[in-house]
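Readers should treat all values here as calculations from the given coordinates under stated rules, not as data from a laboratory. Keep in mind the model is a prediction, meaning the values are calculated, not measured. Reconstructed Cβ throughout: ideal geometry from the backbone, glycine too, with neighbour counts over all protein chains shown.
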Amino acid sequence: MAWPFRMPAQHCVPSPNPTKSQQFQRFPAQASFHCFVHRNDASAFFGAPILSTSQTRPHRRISSRHREAPCAALSVPSLPLPPSRPLGLAACTGGTSSSSSADADQTYGPGALPTVTEGKLTVATSDPAYSPWILDNDPASGEGYESAVIYALAEELGYTADNVQWVRATFDSSITPGAKDWDLNIQQFSITDERKNAVDFTSPYYTTTSAIITKAGTPAADAKSIADLKDVLIGVQAGTTSQQFASENLEPGLTQKLQMFNSSDDTVLALQTGRVDAIVVDLPTAFYMVSAQIDDGVIIGQFDDTTGGEEYGIVLPKGSKLTPTVSAAVDRLASSGKLAELQEKWLNEAQNVPTLK
């Protein structure tokens, strides 16, 4: 969960802070040749990497004079080619692309993203950070689901664990517009359209499921399957995805009707005072409730249906050049099964939360 660059060390280096359409592609030895002409340099280069006069990592907006000229302005001299290099058609790179192809346009080498600190990946999380997302408030340990996701993502992007540095940021400040001192931020941010106006999100690294909580020592605590919940009086907050799940998937098999409550606090109080035997909430909420709100609270289990669940994404500053590349890396972790593996390890096995079927 590694960045798929297996290319020679020689490559095209961008002029200071190019736009997304101005990222130069790396060229493998047998690739077609790409030509670029800048308005401040009428020379044409053919069949060789184009080197910028500056090796500085891009960090400021590029001026209009550095933009690529159209292909029509390109004059290609007749030069002999080595026999081992087949002739490819010259082409212009750049232009706009959709988010689905943006990663192909913004190709950065392993460990070479335009980050806040060169050569480092700076990641923010909350203070304190809670289990099971980060164990013992120590994100650098790699223990806990979100910590493990970051180190798997860093490896995918070409960064070693030593080049991941952690900082702390409050939840609210992380999703407000403005300059940030971090590259990525992970602390169970639900992806919403409103938040997308202020920050960027990667593809989801986790989708919430519903879970059921009771108090230790009660008959409900011994349930091992959905069928075992038949005689359990279950409460749920009205109007939530958990209520929708319980109404559609649990209530038809129950001997007693679901008990609806107006708020999360009312739902917790009902369990604490014995008005219900168990309550259904989403799994992240369940982790919080049994650790901070409900005395002797235990999670009976979770359900494997993620329909309607909230999606958690890693936050980046609005308009970050890293977003397409990092989001594509998250997609690869998902498709390879790495995210599922980490969820099983840190959210299921480590917390002893079985899946009820």
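Based on the inverse mean of 1/r over its pairs of different Cα atoms, what is the Kirkwood hydrodynamic radius of the range 195-269, in Å?
14.4 Å
Just how many % of Cα pairs in the range 277-331 lie over 16 Å apart, if you round to the nearest whole percent? Write out the running numbers ahead of the final one.
Details: 882 of 1485 pairs.
Summing the P(r) of the range 277-331 above 16 Å gives 59 percent of all pairs.
Compute the label zone of ALA198 within the range 285-325: residues whose backbone N is under 12 Å from the point 7 Å along Cα-to-Cβ.
318
Largest first and to the nearest Å, give the Cα extent of the range 243-357 along each principal axis.
Per principal axis, max minus min of the Cα coordinates gives 52, 30, 27 Å.
How far apart, in nm, are two points set 7 Å out from the Cα along the Cα-to-Cβ line at THR355 and at SER291?
It works out to 2.3 nm between the two label points.
Please give the net charge around PRO128, taking every other residue with its beta carbon less than 15 angstrom from that of PRO128, where Lys and Arg add +1 and Asp and Glu add -1.
-4
How high is the FRET efficiency from ASP222 to ALA161, r the C-beta distance, R0 41 Å, rounded to 0.05?
0.50
In this model, which of LYS196/LYS345; LYS215/LYS338; LYS215/LYS257; LYS215/LYS345; LYS224/LYS338 are farther than 22 Å apart at the alpha-carbon?
The pairs that break the limit, which is 22 Å between Cα atoms, are LYS196/LYS345; LYS215/LYS338; LYS215/LYS345; LYS224/LYS338.
Quote to one decimal, in nm, the extra length available between PHE171 and THR255 on full extension: 0.36 nm per residue of separation minus the C-alpha distance between them.
Separation in residues times 0.36 nm, less the Cα-Cα distance, equals 26.1 nm.
Rank these for me by crowding, THR323, THR267, going from fewest to most other beta carbons within 10 Å.
Final ranking by Cβ density, sparse to dense: THR323, THR267.
What FRET efficiency comes out for ALA140 versus SER263 if R0 is 30 angstrom and r is the Cβ-Cβ distance? Round to the nearest 0.05.
Using R0 = 30 Å, I get an efficiency of 0.20.
Fewest first, what order do LEU250, LEU258 take by the number of other Cβ atoms within 10 Å?
LEU258, LEU250
For LYS357, which aspartates and glutamates qualify as cross-link partners when the Cα separation must be under 15 Å and same-chain residues fewer than eight apart are set aside?
List returned: ASP222, ASP228, GLU248, GLU251, ASP304, ASP305.
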